[in-house]
Structure formats: C-alpha cells, structure tokens
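This report refers to the structure that appears directly beneath it.
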C-alpha cells in the first residue's frame, strides 16, 4: 500500500493560540472594569468612551468572539487535519481567516466605545463589519470543508460533525439577523421591527450561545478530552444521539428569552417546550464526556489538564440544566431581568468555555513546542484560582438576583409596593456586586498566570512549525446504505452530512418565523401609534449610542408588581416602528417604556448632568457631554429614507423638510428648560434624548387595539 507524506501547519494554531491569551486578558479586564463601575460609576473618569453602556458590549464581544473564538479556531486547526490525516486545504485561506478575524476584533474594539452599535445583543457590530465577518467566516468554512473532502480517513469523527454544524448554523444566524438597511457608513436599521426583531434577535442570540459557545466546544471536548485522558470516547451511539438531537432542538429555544413579553403566546410556549427537551441531549454530551474518564479518575488528582476539563464539562451540565429551568414561566417570572441571569451566563462562559479553553491550551502548547509543561504547580494554582473566581462570581449574583426579584415584587399588607423606589433595590445589592468584582479579578489573575506558564513552556521547547505526517490515501468506496449502518454511511459523505445538518437546523427557525411574519393577526396594530418625530428618532439613536438599553428595559410585563410600578403592560402593536427593538435583557435601572411625561424636561436634563443630584446613591454615570455635544442633523434625511425603506410610515419626500420639524420641537424643549433657569441650546444631544424619553408610552394612553 502506498503511503503519502504531508504535514500539519502548527503556525496557524500558534497564531490563534497567542490571540486567545491576549484577547482573554483584554476581555476579562474590561469585564472587571464594568463590574466595578456598577458600584463605582466614577471609574469611567468622565470619558464618554469608557461608560458602562459603551464598553459592556465590548466585554461580551471580546470574551465571546475574541477569547473563545480564537480558541475555537486554534483547536479546529489543530484537531481537524489530524482527524482527517490531511493538511489544511489552503494556507492562504488559513492566514486570511486569522488576520481577517483579528481585524474584526480590532474594529469592534474601536467602534463599540465610539458608540457605533446596532444595540442587538452579541450582534452589535455595524453593517460594514458584518460584511467582513461574513467574508472571513465563509473563508474559514471553505477551508474546513475542503480539508474534510480531501481527507485520508474514511469516517468523519464525532468532533468533525460538531465543526460542520457550527459553520452552517452560524452562517445562517449571522445572515438572517444582520439583514439591515444602511443609512450612513456607521448607522443602519434592521429590516425587522418590534416583536419580529425581538424574535429574530433572540433566535440569533440564544443560538449564538448554542452554536458558537457550545457545539464547537463539544467538538473540541470530543477530541481533546480523550487525548488528555488517553481513553476512547465512552459511547459512539450516545454521541450520535447527542449530536442530532442537540442541533435539531436547540434552534427552537430562542423564544424562552421573551417570556411574558409582547411575543405571541404560542411562540413563547414553543420556546419553553423545546428548552425542556434540550436537557436530554445536553446531559447526554456531559455524560459521554465524564464517562470517557472511566478508569482514569485516579489521574485527575495529579493532572491539572484533566481537572480543568472535568470542571468544564460539569459546568456545561449545570448550565444546560439551569437554562431549561429558567425557561419555565414560573421560574422565569422570578429570574428574568435580574442578576440571576448574569450568574447563569457566567457559569457557562467562565466554567464551560473558560475552563475547557485553559485545559486545551495546557495540553496543546507543550505538544507544538515539543516539551513538557513548564510548571504543573502553577497550572494547579491557576485551576484553584479560577475555580474560586467562578464561585465568588456566581454565588453573589444568584443571591443578588433573588433579592432583586423579591424586592421588586413585594407588597405591603395594605396592597401597595413595599419598595416603590427602584433605587432601594439597587443600593441593597451593591455588596454582592463588590464580591462579584473580586471573583472576576481572581479569574483574570489566573489568565495572567497561565500566560506566564505557557510563555515559559514555549521558551524551554522548540516550536515545530510543520509537523511531518504520513498516511495511506483514501480509497472511495461506492457502498450502499445498509440497514442499521445509516450513520456510518453518512460519515463517509461530508457533502450529504452538511446538507442534512443544514435542514435539521432550518426547520425550527422556519416554523417560528413564518406565522410571526406572515399572519398579521399575530402582531395587532394600534391606531394611535405613530412614527417617531425626527428629533425623537435622533434621540433614540443617541440612546442606542450611549448603550442605555444595556441597563434599562422597555418592556412592562403583565405582572401586578410591574403595572403598579411602571404603568400599563406593553403591547405588540406599540413596537411596530421600533428598528431595532429595545426590550433589554437586564434591569440595572428601572424600565423606561412608560417614562414619557413622568418627569419634567428639567428633571431629565439635571439627571444627565449628574444623576446623584436627582437620585442620591444612583450608580448611573454622569453624561455631561450630552449637554454640550452638538446634534448631527446632517444625517436626518438619510435616516428618514432608510427607515421608510424598512416600513416606517414617513410620507414620501418628508426627509427634505424633516429638520424643520426637528428644530421646532427642539426649541420647545430648550425654551422650557430656559424658563426653568437652565441655559440649554436646542441643538445639543441632550435635547434630542429628552424628546425621545418624553415620547415613550404616550402613544397608547386612552387608545385601544384595533
């Protein structure tokens, strides 16, 4: 039998590995800063680009797409060629992928603090960057599929199944959720509005967690855990059930983020049902991972790599049990909008993604540098520091979340809210936020320790840039599909496998989208709801620029505690002109959907100048630049045109004189402020933002759904 010689490209793995560590430090550091800002808002130093609202999405993007993303690519570029017994299909595409991905991260690091954002969670980057993401992602997918097709191994190993599902699903998610109409180079509006936008966004948001933070990591678990333990995967049959059930069920679960919202009840219920079913395949993967260590548990005590991996898989099991529990309406009613969700998310991110990342890096780096790990004691210290960091992070946030919910909902024996002032709850949970920031600092310290350990490991070894290998060529057999061997037949055919995986993930999205977008009765309209005026529209964009939606929701749920506190519950028809929707996912501050008319223009002005002069003890940062920054009215016409093209009811040609209406409304607000002793200019950002806030909730007062 002839044997073919080839090599594995370790250089591209090295590049992504270095990027993982660097961006991990950056992402976690920003996370610690914003955690401290929640009890010390002065930490932004009065700089617009460092406020919580602007750098919170920087933290999430840096951790998800920079830290975790680079590790995914490092792991795939290491494992895939070895599983396929083939070099990567194209070194050019590999390098384009690396530098393109780093460019995206740098652009995110620049644009998000500048306030250039779509406001859509985990999809905040604006349209030019979205296009670059698509190009780089397709290059990665083409390179991966090309490698699989030219493999020398007959069957595709289970890890490869998860890599394929990741590529096809993230492609669909990104394209569908990023459909938008540009108004300017830095501003676009999604084609969806209100309830429809919420459904699409959380179909994307939930499945970004599923298919970027879960499926590729499961693929990496199936490769690196058996390697580290020197044991075969526990069950091949369980891996088949795990894979197909997971990718089919996950895509349906997005609506569980929108329970008790204006989303139609049938969609909410569908999300809940499939979320509960997700426990089975998720725990199937956890069991398959943990039982792979059967017979090797005595080595876990002495092997820091296995320790990281065991905790990671356990955290995956915990998070994937808690997620379905949180989708139950009675649990969701307590947890949603609170710090409980923050705890849940970070058990997954720090425990599952972070700990598995550390274990993979500790295993992979010595292999590529042909040496032993520099310090096992240092790796063990990192393990315990990180584990303690997670404990000190998660437990206070669970405690804080329950305290928030109980205080928000508490009534006195006389039937009035026990804590009508939202700030009372905020001040009560500050100690938990202090402890949380200490936990985050511990976790960050562990990453520094790992970086030093890996650097010393590399220095004591010699990097193998091209690792030589050989294997017999693959002989194509045109065998027939036999009963009971369907999956073995499918594992030999990457194209058919990819198509079937694509069909599996499309079904759920189609079933949820078609009724919501086609059946008009699902989104009843309200006759009195009108498009935002030009000034209110500009104010809404400033609200998005400053990241106000990261702390404030715009969704009053049908609970007595919320209608007593905020006003009438929110209706689907109120959001028909909202591009994008701004329902929020966390209440660090009170809901604002009914704030219009609640306070005077002067109150809002002084609140932006210094929140503590209106609300003593407030943790909201000061926004003095809004009082002096000149409103950019040159974009009004382009924004009106773009919004009309996505369905907002502006009359044709209105953009030509929209600024005239803008000036009239701005002068009314400015004159009111001047009459109250504030020397306000009509053309400042604060005037537009006040106009937007004063509009919220006013459309439906005294009106009925038609």
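For the range 168-196, the set of residues classified as in contact (Cβ under 8 Å) with a residue 60 or more places away in the chain and closer than 27 Å to residue 225 by Cβ consists of 168, 169, listed by residue number.
Do we find that residue 572 is under 30 Å from residue 417 (Cβ atoms) and modelled with pLDDT under 95 in this structure? Yes, satisfied.
One residue is enough: does the range 551-566 have a residue meeting the conditions in a helix (DSSP H, G or I), surrounded by fewer than 16 Cβ atoms within 10 Å (Cβ to Cβ) and at pLDDT below 90?
Quick first cut of the range 551-566, residues in a helix (DSSP H, G or I) only: 560-566.
Checking which are surrounded by fewer than 16 Cβ atoms within 10 Å (Cβ to Cβ) leaves us with 560, 563-564.
Still in the running and at pLDDT below 90: none.
Within the range 551-566, not a single residue is in a helix (DSSP H, G or I), surrounded by fewer than 16 Cβ atoms within 10 Å (Cβ to Cβ) and at pLDDT below 90.
The set of residues in the range 218-241 being under 30 Å from the mean Cα position of the chain (by Cα) and closer than 17 Å to residue 281 by Cβ consists of 218, 219, 221, 222, 238, 239, 240, 241. Counting the residues of the range 229-259 that are outside any helix (DSSP H, G or I) and buried (at least 19 other Cβ atoms within 10 Å of the Cβ) gives 5. Just one of (1) closer than 20 Å to residue 322 by Cβ; (2) surrounded by fewer than 18 Cβ atoms within 10 Å (Cβ to Cβ) trips up residue 268, so point out which. Unmet for residue 268, out of (1) closer than 20 Å to residue 322 by Cβ; (2) surrounded by fewer than 18 Cβ atoms within 10 Å (Cβ to Cβ): (2).
Set side by side, the residues 123, 86 differ, and just one is part of a loop (DSSP other than H, G, I, E, B), within 22 Å of residue 578 (Cβ to Cβ) and in contact with a helix residue (DSSP H, G or I) (Cβ under 7 Å, 6 or more places away or on another chain), which is 123.
Output yes when any residue across the range 650-657 is at negative phi and touching a strand residue (DSSP E or B) at 6+ places or on another chain (Cβ under 7 Å), and no when none is.
We begin by selecting, within the range 650-657, every residue at negative phi; these are 650-652, 654-657.
Remaining after also requiring touching a strand residue (DSSP E or B) at 6+ places or on another chain (Cβ under 7 Å): none.
No.
Among the numbered conditions (1) within 26 Å of the chain's Cα centre (by Cα); (2) surrounded by fewer than 20 Cβ atoms within 10 Å (Cβ to Cβ); (3) in contact (Cβ under 8 Å) with a residue 24 or more places away in the chain, the only one that residue 47 does not meet is (3).
Looking at the structure I just gave you, is residue 343 part of a helix (DSSP H, G or I), within 30 Å of residue 408 (Cβ to Cβ) and in contact with a helix residue (DSSP H, G or I) (Cβ under 6 Å, 6 or more places away or on another chain)? Reasoning before the result, please.
Numbers: part of a helix (DSSP H, G or I): yes; within 30 Å of residue 408 (Cβ to Cβ): yes; in contact with a helix residue (DSSP H, G or I) (Cβ under 6 Å, 6 or more places away or on another chain): yes.
It is true that residue 343 is part of a helix (DSSP H, G or I), within 30 Å of residue 408 (Cβ to Cβ) and in contact with a helix residue (DSSP H, G or I) (Cβ under 6 Å, 6 or more places away or on another chain).
Counting only residues that are assigned to a helix (DSSP H, G or I) and buried (at least 16 other Cβ atoms within 10 Å of the Cβ), the range 147-185 holds 20 of them. All of 582, 643 fail the test of being under 25 Å from residue 55 (Cβ atoms) and either in a helix (DSSP H, G or I) or at pLDDT 95 or above (or both), apart from 582. Testing residue 590 on (1) closer than 23 Å to residue 118 by Cα; (2) part of a loop (DSSP other than H, G, I, E, B); (3) over 31 Å from the mean Cα position of the chain (by Cα), one condition comes back false. Which one is that? It is condition (3) that residue 590 fails. Of all residues in the range 502-528, those satisfying the criterion of being surrounded by 14 or more Cβ atoms within 10 Å (Cβ to Cβ) and within 23 Å of the chain's Cα centre (by Cα) are 502, 504, 505, 506, 508, 509, 512, 513.
Let's see how each residue does on (1) crowded, with 24+ Cβ neighbours inside 10 Å; (2) in contact (Cβ under 8 Å) with a residue 12 or more places away in the chain; (3) within 30 Å of residue 423 (Cα to Cα); (4) touching a strand residue (DSSP E or B) at 6+ places or on another chain (Cβ under 9 Å):
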position	(1), (2), (3), (4)
366	no, yes, no, no
369	no, yes, no, no
375	no, yes, no, no
380	no, yes, no, no
386	yes, yes, no, no
398	no, yes, yes, no
402	no, yes, yes, no
407	no, yes, yes, no
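Residues of the range 648-671 being surrounded by fewer than 17 Cβ atoms within 10 Å (Cβ to Cβ) and either within 24 Å of residue 598 (Cα to Cα) or touching a residue at least 24 places away in the same chain (Cβ under 8 Å) (or both), which ones? Passing the criteria: 649, 661, 663, 664, 667, 668, 671.
Residue 642 meets each of the listed conditions (1) surrounded by 15 or more Cβ atoms within 10 Å (Cβ to Cβ); (2) in contact with a helix residue (DSSP H, G or I) (Cβ under 7 Å, 6 or more places away or on another chain); (3) under 26 Å from residue 575 (Cβ atoms) apart from (2). crowded, with 21+ Cβ neighbours inside 10 Å, over 30 Å from residue 82 (Cβ atoms) and either touching a helix residue (DSSP H, G or I) at 6+ places or on another chain (Cβ under 8 Å) or modelled with pLDDT under 95 (or both), is that true of residue 199? Taking the combined requirement at face value, the residue satisfies it. Among the residues of the range 672-694, those that are buried (at least 20 other Cβ atoms within 10 Å of the Cβ) and part of a helix (DSSP H, G or I) comprise 673, 685, 686, 687, 688, 689, 690, 691, 692, 693, 694.
Has the range 52-63 got at least one residue that is surrounded by fewer than 17 Cβ atoms within 10 Å (Cβ to Cβ) and either over 16 Å from residue 140 (Cβ atoms) or touching a strand residue (DSSP E or B) at 6+ places or on another chain (Cβ under 9 Å) (or both)?
In the first step, residues of the range 52-63 are kept if they are surrounded by fewer than 17 Cβ atoms within 10 Å (Cβ to Cβ); the result is none.
Scanning the range 52-63, I find no residue that is surrounded by fewer than 17 Cβ atoms within 10 Å (Cβ to Cβ) and either over 16 Å from residue 140 (Cβ atoms) or touching a strand residue (DSSP E or B) at 6+ places or on another chain (Cβ under 9 Å) (or both), so the answer is no.
Residues in the range 415-430 that are part of a helix (DSSP H, G or I) and touching a helix residue (DSSP H, G or I) at 6+ places or on another chain (Cβ under 8 Å) were compared, and the one that is farthest from residue 598 (Cα to Cα) is 428. Taken as a whole, the range 114-137 holds at least one residue that is surrounded by fewer than 20 Cβ atoms within 10 Å (Cβ to Cβ) and without any contact (Cβ under 8 Å) to a residue 12 or more places away in the chain. Of the residues making up the range 499-533, those that are free of Cβ contacts under 8 Å to residues at least 24 places away in the same chain and in a helix (DSSP H, G or I) are 499, 500, 503, 510, 514, 518, 520, 521.
The values are calculated or read from the model by the stated rules, or taken from the named source; none is laboratory data. Predicted model, so just to flag it, every value in this text is computed and none were measured. Please note: Cβ atoms are built from the backbone with ideal geometry, for glycine as well, and neighbour counts cover all protein chains shown.
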